[in-house]
Amino acid sequence: MGSRRNGFQKESFILSVDVGTTSIRCHVYDKEARIRGSCTSKVEPLYPEVGHVEMDPDALWKGLITVVKGAVQDAGVQMCQMEALGISTQRATFTTWDRRTGVPFHNFISWQDQRAADLVKSWNRSCTMKVIHGVMKVAYFLTRHKRSLAASLIVFSTQHVTFRLVWMLAHYKQVCG
């Protein structure tokens, strides 16, 4: 790993960023996969109502910029020496935004958020799910394929982003506009 500039071999590095539930971490790796520099920033979750877990998109962006700059500085290298960037993010955390302006309609909705719990319960108790479970149990009985048995046990949870997104579409009219 390295690039040739002005006849000189310049050492290059890889940035790794992990945006987690409680922190944003960044590491700079060299070609031997050794950590050359690191930086961490705390994430402050927001709890606007009981069961609602959100994060401010602007704060996350500023935290990301801070840890990237901090890790590069800690490594004692230049940003132009970064050859690649790997990003790992939270499970099923999302936001929606105005595609004309790029401005988010709302905070990030965390994977921990429970606002769609009633919707999830209604789907899990629905006739549709009962039919799917029943049909898959019969399919398992006839075929003995374990996939059919597994499908007969499917249940949804609030960690599935779809239900929280449906909740948002129903409660934030600007998202649909």
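The values are calculated or read from the model by the stated rules, or taken from the named source; none is laboratory data. Please read all numbers here as calculations on a predicted model, not as lab measurements. Heads up, the Cβs are rebuilt from the backbone with ideal geometry, glycines too, and the neighbour counts pull from every protein chain shown. For accessibility, only protein heavy atoms count, side chains too; no ligands or nucleic acids. Shrake-Rupley method; radii C 1.70, N 1.55, O 1.52, S 1.80 Å.
For the structure I just gave you, tell me whether E32 is of a type in the set (D, E), free of Cβ contacts under 8 Å to residues at least 60 places away in the same chain and within 17 Å of N107 (Cα to Cα).
no
Do the conditions hold for K121, that is, is it surrounded by fewer than 16 Cβ atoms within 10 Å (Cβ to Cβ), out of contact with any Asp or Glu (no Cβ under 8 Å at 6 or more places or on another chain) and closer than 29 Å to Q174 by Cβ?
Answer is yes for this residue.
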Residues of the range 149-174 satisfying the condition of being of a type in the set (D, E, K, R) and open to solvent by less than 70 Å² (accessible area, probe 1.4 Å): R164
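Matching residues to (1) acidic (D, E); (2) more than 18 Å from the chain's Cα centre (by Cα):
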residue	(1), (2)
V43	no, no
L46	no, no
T66	no, yes
D74	yes, yes
L85	no, no
Q90	no, no
Any residue in the range 128-137 that is in a loop (DSSP other than H, G, I, E, B), out of contact with any His (no Cβ under 6 Å at 6 or more places or on another chain) and open to solvent by 30 Å² or more (accessible area, probe 1.4 Å)? no
Consider G37 carefully, then state whether it is of a type in the set (G, A, S) and either outside any helix (DSSP H, G or I) or within 14 Å of T22 (Cα to Cα) (or both). yes
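Suppose the filter is in contact (Cβ under 8 Å) with a residue 60 or more places away in the chain, outside any strand (DSSP E or B) and either more than 30 Å from S12 (Cα to Cα) or out of contact with any Pro (no Cβ under 9 Å at 6 or more places or on another chain) (or both); does D74 pass it?
For D74, the condition - in contact (Cβ under 8 Å) with a residue 60 or more places away in the chain, outside any strand (DSSP E or B) and either more than 30 Å from S12 (Cα to Cα) or out of contact with any Pro (no Cβ under 9 Å at 6 or more places or on another chain) (or both) - is not met.
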Looking across the range 8-29 at residues that are surrounded by 14 or more Cβ atoms within 10 Å (Cβ to Cβ), over 13 Å from the mean Cα position of the chain (by Cα) and polar (S, T, N, Q), the single one that is farthest from T89 (Cα to Cα) is S12
Over the range 142-177, the set of residues among the aromatic types (F, W, Y) and modelled with pLDDT of 90 or more is F156, F163, W167
Within the range 35-44, is there a residue that is charged (D, E, K, R), in contact with a strand residue (DSSP E or B) (Cβ under 7 Å, 6 or more places away or on another chain), open to solvent by less than 90 Å² (accessible area, probe 1.4 Å) and within 30 Å of D113 (Cβ to Cβ)? no
Which pairs turn up if I take residues in the range 97-125 that are farther than 15 Å from V155 by Cβ and look for partners that are at pLDDT 95 or above and open to solvent by 50 Å² or more (accessible area, probe 1.4 Å) with beta carbon separation below 6 Å, at least 6 apart in sequence or on another chain? N107/D56
Is the range 90-105 home to any residue that is touching a strand residue (DSSP E or B) at 6+ places or on another chain (Cβ under 6 Å), closer than 30 Å to L60 by Cβ, at pLDDT below 95 and open to solvent by 90 Å² or more (accessible area, probe 1.4 Å)? yes
Name the pairs: first residue in the range 49-65 and under 14 Å from I109 (Cα atoms) and in a strand (DSSP E or B), second residue open to solvent by 60 Å² or more (accessible area, probe 1.4 Å) and at pLDDT 95 or above, Cβ to Cβ under 7 Å, at least 6 apart or on different chains? E54/L46; E54/P48; M55/L46
